[in-house]
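Below: one structure, written as C-alpha cells.
FYI, it's all coordinate maths here, none of it is from the lab. This structure is a prediction, so every number in the text was calculated from the model and none was measured. Quick reminder, even Gly has a Cβ in these numbers, built from the backbone with ideal geometry, and neighbours come from all protein chains shown.
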Amino acid sequence: MASLAEIAKRVAANALSSYTGRPASLSGAQPAGSPSSSLLDVARRVGSAALASQVGRLPGGAPTAVSELAGLTAPAPGQNALAVGGVPTLAGLPGFSAPGSGAAANYDRQFTESLGRARSGIETQLRNALTEVGRQEASQLQAVGQLPGEYARLADLARAQVNETTTNADAALAATGVQGLAPAGTGAAPLLSAMALGQATQQAGVPLLDLGVRDTAGRARGGLEQAKLSAFERIDSEERQYAAQRAAEERDNAMRVAQMQYEAKVAQTRAANDMKMAQFEAAQRQQTARDEAAQANALRDQDFQRDIFKLELGAKLRGSPGATSGNFGALEVSAKKGSAIASSAADKYRDDSAYRLFVSAINQARAGDDEVTLDQLTAQFTAKYPKANRNAMSLAMYDVLGAGK
Amino acid sequence: MASLLDYYQPTGPSSAFTQADINARAGEQAEDAGLSQTLLKRQFETRTLPDLVNRQAGRGAFFSSASSNALNRAGEDYVTESADVSRLLQRSLANLSRNRILAGLGVSI
C-alpha cells in the first residue's frame, strides 16, 4: 500500500503537470515524513511557474530587467539613455555650419584674405598712379621750362625772316634804278617792335603755366588719394556688412541650437515619462502575477488540505481489517471549514441509534470467530436495518476502526 | 574687386592725339607761311615792280617823285604782308608750344 507521503507526492505531481503541461518529476523534491510542508513547497513552485509564465521567463533565470519588459534598449554604463535613440547632433544637419567649425572659419579666412588683397591691390595702384603723376608733372614742368627758349627761338626766326624780306625788298627796289627811294632797312621797323611786345606777352604766361602744371598734378594726387579713401571705405563697408551677416548667422545658429536643445529636452522628458510608465506597467504586471500566484497557492493549499483530509480518512479506513471501501461526500469547502463540519456531523451522528447499533455489530463481528469483511457486515446490517443512516454507519466505522482498535 | 580706376578717370582725350595734332598743325602752319612768303616775294619782284616801272616809263614819269613814292608804297606793302606772315607763324608756333603743354595737363584747347 502506498504511503501517505507517496500519495501526496503523486497528487502534487499531477497538479504541477496540469500547470506546466508536461510530466513533472518530484523525486527528491522534499524529504519524506513532512507531507504538509512538502506540498506547500510544491505549490510555491507551481506559483513560481505561473509567475514565470506571466513575465516570459523560466524560474531560476536571471532577473528580468524592466527596460527589457518595456521594449527599450538598455544604455551602456555612463551613457545617456536618450543618446541611444539617436538625438541628432548639430554637425549632422544639412547646410549647417556650426560656429567655429572648419567650413565657417575657412570662409571667414578667405573673405578676410580677399579684403586684404583688395586693400594691398589698391595701395599698389595708388603707388603706381602717383608715380605716373609725378613723372608727368616733371615732364610738363620741363616743357614749361623750355617754353621761354622756344619763344625766343621762334621770335628770332620770325625777325630773321622779316629782315630777309626787308633786304630782298630793298634790293629789288634799288634794282629799278628809281631815285628818291626810302632808306634801306626801314620797312619793317614798327612791325618788329610789335613782335617784341608779343614775345614779352608770351614769356609772361610761362610762370602761370608752371603754376597750372603743379596745380593739376596736385589735383591729380588729391583725386587719387580720395579714390583710395573711397575704395577703402567700400571695402570697409563690405567688411562691416559681412561681419553683420556673420553675426546674424551666429544668432540664427544659436536660435537653432536652442530650439534643438529644447526639442531634445522635450524628447528626454517624454522618453523618461514613457520609461516610468513602462516601469509602472511592468511592476503592475509583476504584482498581478504575484497576486494570481498567491491566489493559486491558496487554492492549491485548500485543495491539498481537502485531499489530505480525504486521503487520511481513506487511509484510516483502508488500514482497518476488512475495510475495502469508504463512502465520503465531497468536501467542497476549505479544510478548516470541512473539519468543523465534519466534527459537527460526527457529534450529530454519534447520537444516532444506527451509530450505536453498528458499533456494537462491528465489535461483535470482531469479537466473533467468523471471518467477515466490512462489506459483508455492512450488507447484513443494512438488510437488518434498511433505514439506518449511512453517515452514522461511516462514523461508527471510523471511530471503531480508524482509531486502530 | 575695387579699383582706383573706378574712382579716378582723367578728363578729356588722350594727350597723345593732341600732341600729334599739334605737331601736324605746326608743320602745316610753317608750310603755309613759307608758301605765302614765296608767293608774296614772287608777286613783288616779278610782277608788281616790273608792272609799276613799265607803267611809269610809259607815261614818261619814270624819274618823277610820284614814281618813287609809288615804289616805296609797293615795297612797304610787300614787307608788311610778308612780315605779318612771319609774325603770325611765330605766334601760331608759340601757341602750339603752349598748347602742347596744356594738352599734357589734360586741358582741352
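Collect the residues in the stretch B:76-101 that are at the interface with another protein chain (Cβ under 8 Å from one of its Cβ atoms) and out of contact with any helix residue (DSSP H, G or I) (no Cβ under 6 Å at 6 or more places or on another chain), keeping them in residue-number order.
B:E76, B:T80, B:D84, B:R91, B:R98
If you check A:Q199 against the conditions, is it away from chain B (no Cβ under 14 Å), part of a helix (DSSP H, G or I), surrounded by 14 or more Cβ atoms within 10 Å (Cβ to Cβ) and touching a residue at least 12 places away in the same chain (Cβ under 8 Å)?
Numbers: away from chain B (no Cβ under 14 Å): no; part of a helix (DSSP H, G or I): yes; surrounded by 14 or more Cβ atoms within 10 Å (Cβ to Cβ): yes; touching a residue at least 12 places away in the same chain (Cβ under 8 Å): yes.
In short, no.
Failed condition for B:A30, given (1) in a helix (DSSP H, G or I); (2) surrounded by fewer than 20 Cβ atoms within 10 Å (Cβ to Cβ); (3) of a type in the set (G, A, S); (4) at the interface with chain A (Cβ under 9 Å from one of its Cβ atoms), with all others met?
Single failed check for B:A30: (4).
Restrict the check to the stretch A:268-276 and report whether at least one residue is touching an Asp or Glu at 6+ places or on another chain (Cβ under 9 Å) and farther than 30 Å from B:I101 by Cα. Before the answer, list the steps.
So the first thing to find is which residues in the stretch A:268-276 are touching an Asp or Glu at 6+ places or on another chain (Cβ under 9 Å), and the list is none.
Within the stretch A:268-276, not a single residue is touching an Asp or Glu at 6+ places or on another chain (Cβ under 9 Å) and farther than 30 Å from B:I101 by Cα.
In the stretch A:123-136, which residues are touching a residue at least 40 places away in the same chain (Cβ under 8 Å) and more than 9 Å from chain B (Cβ to nearest Cβ)?
Residues satisfying the conditions are A:E123, A:L130, A:V133, A:G134.
Only one of (1) touching a residue at least 40 places away in the same chain (Cβ under 8 Å); (2) in a helix (DSSP H, G or I); (3) within 11 Å of chain A (Cβ to nearest Cβ) fails for B:T18. Which number is that?
Of (1) touching a residue at least 40 places away in the same chain (Cβ under 8 Å); (2) in a helix (DSSP H, G or I); (3) within 11 Å of chain A (Cβ to nearest Cβ), only one is false for B:T18: (3).
Which one of A:A172, A:A182 is at the interface with chain B (Cβ under 7 Å from one of its Cβ atoms), part of a loop (DSSP other than H, G, I, E, B) and surrounded by 11 or more Cβ atoms within 10 Å (Cβ to Cβ)? Talk me through it step by step, then tell me what you get.
Values: A:A172 fails: part of a loop (DSSP other than H, G, I, E, B).
A:A182 is the lone residue from the list that is at the interface with chain B (Cβ under 7 Å from one of its Cβ atoms), part of a loop (DSSP other than H, G, I, E, B) and surrounded by 11 or more Cβ atoms within 10 Å (Cβ to Cβ).
For every residue, the table says whether it meets (1) at the interface with another protein chain (Cβ under 10 Å from one of its Cβ atoms); (2) charged (D, E, K, R).
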site: A:Q161; (1), (2): yes, no
site: A:A188; (1), (2): yes, no
site: A:G223; (1), (2): yes, no
site: A:K228; (1), (2): yes, yes
site: A:E250; (1), (2): no, yes
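Would you please list the contacts, defined by Cβ atoms under 8 Å and residues six or more apart or on different chains, that run from a residue in the stretch A:208-220 that is more than 8 Å from chain B (Cβ to nearest Cβ) to a residue that is among the small types (G, A, S)?
A:D210/A:G145; A:A217/A:G134
Among the residues of the stretch A:153-167, are any touching a residue at least 12 places away in the same chain (Cβ under 8 Å), surrounded by fewer than 21 Cβ atoms within 10 Å (Cβ to Cβ) and part of a loop (DSSP other than H, G, I, E, B)?
No, the stretch A:153-167 contains no residue that is touching a residue at least 12 places away in the same chain (Cβ under 8 Å), surrounded by fewer than 21 Cβ atoms within 10 Å (Cβ to Cβ) and part of a loop (DSSP other than H, G, I, E, B).
Go through the stretch B:72-101 and count every residue that is surrounded by 22 or more Cβ atoms within 10 Å (Cβ to Cβ), without any contact (Cβ under 8 Å) to a residue 24 or more places away in the chain and over 19 Å from the mean Cα position of the chain (by Cα).
Result for the stretch B:72-101: 1.
Evaluate the following for A:R234: is it more than 44 Å from the chain's Cα centre (by Cα), at the interface with chain B (Cβ under 9 Å from one of its Cβ atoms), over 30 Å from B:V79 (Cβ atoms) and in a helix (DSSP H, G or I)? Full working, then the answer.
On the way: more than 44 Å from the chain's Cα centre (by Cα): yes; at the interface with chain B (Cβ under 9 Å from one of its Cβ atoms): yes; over 30 Å from B:V79 (Cβ atoms): yes; in a helix (DSSP H, G or I): yes.
Here the answer is yes, as A:R234 does meet what is asked.
Here are the criteria: (1) surrounded by fewer than 15 Cβ atoms within 10 Å (Cβ to Cβ); (2) facing another protein chain (nearest Cβ under 7 Å). Tell me which single one B:L39 does not satisfy.
In the conditions (1) surrounded by fewer than 15 Cβ atoms within 10 Å (Cβ to Cβ); (2) facing another protein chain (nearest Cβ under 7 Å), B:L39 misses (2) alone.
Look at B:A66 and say whether it is crowded, with 17+ Cβ neighbours inside 10 Å, part of a helix (DSSP H, G or I), more than 7 Å from every other protein chain (Cβ to nearest Cβ) and out of contact with any Pro (no Cβ under 7 Å at 6 or more places or on another chain).
Details: crowded, with 17+ Cβ neighbours inside 10 Å: no; part of a helix (DSSP H, G or I): yes; more than 7 Å from every other protein chain (Cβ to nearest Cβ): yes; out of contact with any Pro (no Cβ under 7 Å at 6 or more places or on another chain): yes.
So B:A66 does not fit the description; no.
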